[in-house]
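Here's the structure we're looking at; comments come further down.
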Amino acid sequence: VHLTTLIESCSLFESTFCAWYSTITLLLSFVSIYNILCIAVDRYFALSMPFEYSKRMSVNVAVILTANVWILSLLYNWALLYFNGNYIRKCPGRCLPSVSETWSQIDLVLFFIFP
(Lines give C-alpha, C1' and ligand atoms only; values in the text may rest on other atoms or scores of the structure.)
Protein backbone atom coordinates (compact mmCIF):
# COMPACT_ATOMS: atom_id res chain seq x y z
CA VAL A 1 0.00 0.00 0.00
CA HIS A 2 2.83 2.39 0.81
CA LEU A 3 4.43 1.74 -2.56
CA THR A 4 1.11 2.54 -4.24
CA THR A 5 1.01 5.94 -2.52
CA LEU A 6 4.52 6.67 -3.74
CA ILE A 7 3.84 5.71 -7.36
CA GLU A 8 0.29 6.94 -7.95
CA SER A 9 -0.53 10.63 -8.00
CA CYS A 10 -4.01 9.96 -6.61
CA SER A 11 -4.92 7.33 -4.06
CA LEU A 12 -7.41 4.65 -5.01
CA PHE A 13 -8.67 4.29 -1.44
CA GLU A 14 -11.13 6.22 0.70
CA SER A 15 -10.17 8.72 3.39
CA THR A 16 -11.21 6.22 6.10
CA PHE A 17 -8.68 3.72 4.80
CA CYS A 18 -6.07 6.45 4.67
CA ALA A 19 -6.70 7.39 8.31
CA TRP A 20 -6.43 3.75 9.39
CA TYR A 21 -3.30 3.29 7.30
CA SER A 22 -1.70 6.36 8.91
CA THR A 23 -2.67 5.12 12.38
CA ILE A 24 -1.28 1.64 11.81
CA THR A 25 1.94 2.96 10.27
CA LEU A 26 2.59 5.27 13.21
CA LEU A 27 1.52 2.62 15.70
CA LEU A 28 3.89 -0.03 14.40
CA SER A 29 6.89 2.28 14.29
CA PHE A 30 6.18 3.65 17.79
CA VAL A 31 5.65 0.15 19.23
CA SER A 32 8.80 -1.26 17.64
CA ILE A 33 11.00 1.50 19.07
CA TYR A 34 9.50 1.26 22.56
CA ASN A 35 9.61 -2.55 22.58
CA ILE A 36 13.31 -2.35 21.78
CA LEU A 37 13.66 0.17 24.63
CA CYS A 38 11.89 -2.28 26.99
CA ILE A 39 14.21 -5.09 25.91
CA ALA A 40 17.27 -2.89 26.51
CA VAL A 41 16.07 -1.89 29.99
CA ASP A 42 15.22 -5.52 30.76
CA ARG A 43 18.69 -6.70 29.76
CA TYR A 44 20.31 -3.87 31.74
CA PHE A 45 18.52 -4.92 34.92
CA ALA A 46 19.23 -8.59 34.24
CA LEU A 47 22.96 -7.90 33.99
CA SER A 48 23.30 -5.28 36.71
CA MET A 49 21.11 -6.95 39.37
CA PRO A 50 20.83 -10.67 38.52
CA PHE A 51 19.44 -11.82 41.90
CA GLU A 52 16.86 -9.01 42.16
CA TYR A 53 15.92 -9.48 38.53
CA SER A 54 14.96 -13.12 38.96
CA LYS A 55 12.67 -12.20 41.88
CA ARG A 56 10.93 -9.23 40.23
CA MET A 57 10.69 -10.14 36.57
CA SER A 58 8.11 -12.70 35.48
CA VAL A 59 6.03 -13.51 32.42
CA ASN A 60 3.12 -11.52 33.86
CA VAL A 61 5.28 -8.41 34.26
CA ALA A 62 6.51 -8.75 30.68
CA VAL A 63 2.97 -9.14 29.35
CA ILE A 64 1.74 -6.12 31.34
CA LEU A 65 4.66 -4.01 30.14
CA THR A 66 4.14 -5.00 26.51
CA ALA A 67 0.39 -4.40 26.71
CA ASN A 68 1.03 -0.96 28.19
CA VAL A 69 3.38 -0.10 25.34
CA TRP A 70 0.73 -1.08 22.78
CA ILE A 71 -2.12 0.73 24.56
CA LEU A 72 -0.16 3.93 25.20
CA SER A 73 1.15 4.04 21.65
CA LEU A 74 -2.35 3.52 20.27
CA LEU A 75 -3.72 6.36 22.42
CA TYR A 76 -0.82 8.64 21.48
CA ASN A 77 -1.21 7.96 17.76
CA TRP A 78 -4.97 8.50 17.88
CA ALA A 79 -4.39 11.81 19.66
CA LEU A 80 -1.76 12.78 17.09
CA LEU A 81 -4.11 12.07 14.20
CA TYR A 82 -7.16 13.51 15.95
CA PHE A 83 -5.60 16.87 16.76
CA ASN A 84 -3.83 17.07 13.40
CA GLY A 85 -6.48 15.25 11.41
CA ASN A 86 -6.77 17.83 8.70
CA TYR A 87 -5.78 16.12 5.49
CA ILE A 88 -4.44 18.14 2.60
CA ARG A 89 -6.20 16.99 -0.55
CA LYS A 90 -4.20 17.49 -3.70
CA CYS A 91 -6.63 15.41 -5.72
CA PRO A 92 -9.85 13.56 -4.93
CA GLY A 93 -9.19 10.49 -2.87
CA ARG A 94 -5.66 11.37 -1.79
CA CYS A 95 -4.88 12.41 1.73
CA LEU A 96 -1.64 13.48 3.29
CA PRO A 97 -1.79 13.93 7.05
CA SER A 98 -0.29 17.21 8.17
CA VAL A 99 1.17 17.66 11.63
CA SER A 100 1.58 21.01 13.35
CA GLU A 101 4.99 22.24 14.45
CA THR A 102 4.15 21.79 18.14
CA TRP A 103 3.12 18.16 17.66
CA SER A 104 6.24 17.61 15.54
CA GLN A 105 8.46 18.76 18.40
CA ILE A 106 6.54 16.68 20.96
CA ASP A 107 6.79 13.67 18.66
CA LEU A 108 10.52 14.22 18.18
CA VAL A 109 11.17 14.26 21.91
CA LEU A 110 8.87 11.34 22.80
CA PHE A 111 9.60 9.19 19.80
CA PHE A 112 13.30 9.63 19.06
CA ILE A 113 15.19 11.57 21.76
CA PHE A 114 13.66 10.00 24.89
CA PRO A 115 14.19 6.32 23.95
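The values are calculated or read from the model by the stated rules, or taken from the named source; none is laboratory data. Not measured: the values here are computed from a predicted model. We place every Cβ from the backbone using ideal geometry, glycine too, and count neighbours over all the protein chains shown. SASA here: full protein model, heavy atoms, side chains in, ligands and nucleic acids out. Shrake-Rupley method; radii C 1.70, N 1.55, O 1.52, S 1.80 Å.
Remarks
- With a Förster radius of 35 Å applied to the beta-carbon distance between Ser58 and Ala79, the computed FRET efficiency rounds to 0.65.
- Phi to ³J(HN,Hα) by Karplus 6.51 cos²θ - 1.76 cosθ + 1.60 over the range 36-41, Hz, x for Gly, Pro: 5, 4, 4, 5, 5, 5
- Across the range 63-70, rounded Karplus estimates of 3J(HN,Hα) from the backbone phi angles (6.51 cos²θ - 1.76 cosθ + 1.60, θ = phi - 60°) give 5, 5, 5, 5, 5, 5, 4, 5 Hz, Gly and Pro being marked x.
- Relative to the current alpha-carbon distance between Asp42 and Leu108, full extension at 0.36 nm per residue lengthens the span by 21.4 nm.
- In this view, the solvent-accessible surface of Tyr44, computed with a 1.4 Å probe and all protein chains in place, comes to about 140 Å².
- Integer Hz, Karplus 6.51/-1.76/1.60 couplings in order for the range 104-115, x for Gly and Pro: 5, 5, 4, 5, 4, 5, 6, 9, 10, 6, 4, x
- A protection proxy built from the mean count of other Cβ atoms within 10 Å ranks the segments 46-54, 103-111, most packed first, as 103-111, 46-54.
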